[in-house]
1. Using 32 Å as the Cα-Cα cut-off, could you pick out the over-long pairs in A:Lys108/A:Lys183; A:Lys70/A:Lys183; B:Lys66/B:Lys260?
2. Rank B:Glu95, B:Glu27, B:Glu186 by mean-square fluctuation in a GNM of chain B with C-alpha springs under 10 angstrom and give only the top-ranked residue.
3. Can you pull the mean other chain C-beta count within 10 Å for peptide B:246-256?
4. Order these peptides, B:28-36, B:97-105, B:205-213, A:56-64, by their mean beta-carbon neighbour count within 10 angstrom, highest first.
5. For Cα pairs less than 8 Å apart in space and 6+ apart in sequence, what is the mean separation divided by the residue count of chain B, i.e. the relative contact order in percent?
6. Charges only on Cβ, +1 for Lys and Arg, -1 for Asp and Glu: so what's the dipole of the protein assembly as shown about the Cα centre, in debye to the nearest 20?
7. Would you list which lysines come within 24 Å of B:Lys63, measuring only between C-alpha atoms, while excluding same-chain residues fewer than 8 positions from it?
8. Long-range amide H contacts for A:Val154: which residues qualify at under 5 Å (H placed 1.01 Å from N, peptide plane, sequence gap of 5 or more or a different chain)?
Amino acid sequence: MNRKIGVLAIQGAFYEHIQMLRELGTEVIEIRQKKHLLNNHFDGLIIPGGESTVMGKLLRELDMLAELKKLIDNGLPVFGTCAGLILLAKNITNDKDKHLAAMDISVKRNAYGRQLGSFQGNYDFKHIGRIPMVFIRAPYIESIGVGTEVLAVVDNNIVAARQNNILVTSFHPELTGDLSVHKYFLDLI
Amino acid sequence: MNNRYELNKNLAQMLKGGVIMDVTTPEQARIAQSAGACAVMALERIPADIRTAGGVSRMSDPKMIKSIQAAVTIPVMAKVRIGHFTEAQILEAIEIDYIDESEVLSPADDKYHIDKRAFQVPFVCGAKDLGEALRRISEGASMIRTKGEPGTGDVVQAVRHMRMINQQMRQLQNLRVDELYQAAKELQVPYDLVKFVHENGKLPVVNFAAGGIATPADAALMMQLGAQGVFVGSGIFKSGDPERRAQAIVKAVTNFNDAKILAELSEDLGEAMVGINEQEIEVLMALRGE
């Protein structure tokens, strides 16, 4: 199936996602401005890793936040990694700011501490199996709401989940050579 | 190399498309974060003031760095003198997110850089040509930036360094495979890194622009020349309206290819830092550490 995926490209590691989508034979468009949201049709959206404070601020300043939220609330399939997960969460336990607030999860930012707490390993992902996971100053999910499916747990912390059209991981599949999570996302569309 | 090196390169990937700002106080750090900085560089004096003050310039007081770590949630970087591995050990002990082995401070060693592979925390290093960039990477740097000429508000050196690195990479790409050994010898770098550049046309780590960036247009210029993000040192807190200028530079980096947006961002920013031309300066920091 020929699907077109938008990748939010305002800051962070968006190029890595674009490369993975291209490897999977998917058409990609970069979303940098409001007009890119309004004037294009796309079947799904990826919100990459980066700094959530920067992306949250730019989404507001570029007048994209409300439009994006509307699309997601209306069912646009969206996949957020790391900062993307934070932007999608309805509650951030150690931050007063909320951004897209679309998914019933409570997340903790920088949950593993500073860069020395960053780590990687192979862990189980429901429906996929064991995959490499890279955590960079990562958040994790502290609690989930009704209708949210837990997809991966590492050291008793939830690191991947899905609620209807929204998929989130606190790790970075785009930094590994493993395409399985991206494929899983495309299969949800 | 090991997992830690990969993780450290990965953190730099997350900073891409962002602006790293020099700050000297927790208050400035908060301003930088709310203006959209993707990381801050904690230092006691910004480069322009280091230049004016003269004398020996060293690593900042760890207490001051910790107060900045406590003030923001974004990554905090700090500088050590070239070759001063003990300053680096101290910064690692306070869990800094990135160490800048920087020519802005007085070099502690005129021959050897820090063996960055001996550390768990990541390092960013300056380079003015491809040889320097690859030497720093072989020593364990997980991020590169142009040296530029810090504290001048003059972007000419950053432009020169970025163009030089990119030209030299294009030259390597065009060589025959059997010519790469000689290229490695001329660049004074390991063959494997030359081969990587030949095959991929880019550095194996993220490359930012730094030195003399003072306006949204400067930042966008560096992005169009191939930088993956920018460091802004004196340009923000030496200007008339730091918050406004910081925000404008952040947005200019995101939409560096859209001249209409850049025009809007360049309006009404107040006074830019005064700056000094390269012919007027006495100390060329970029020449520190080859």
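1. Result: B:Lys66/B:Lys260 exceed 32 Å.
2. B:Glu186
3. Taking all residues of B:246-256 together, the mean is 3.
4. B:205-213, B:97-105, B:28-36, A:56-64
5. Working: 632 pairs, mean separation 57.2, N = 290.
Computed value for chain B: 20 percent relative contact order.
6. Value, rounded to 20: 660 debye.
7. B:Lys79, B:Lys116, B:Lys238
8. Amide H neighbours of A:Val154: A:Val159.
Every number in this text was worked out from the coordinates using simple rules, so none of it is lab data. In this text the structure is predicted, and so the values were computed from the model without any measurement. Quick reminder, even Gly has a Cβ in these numbers, built from the backbone with ideal geometry, and neighbours come from all protein chains shown.
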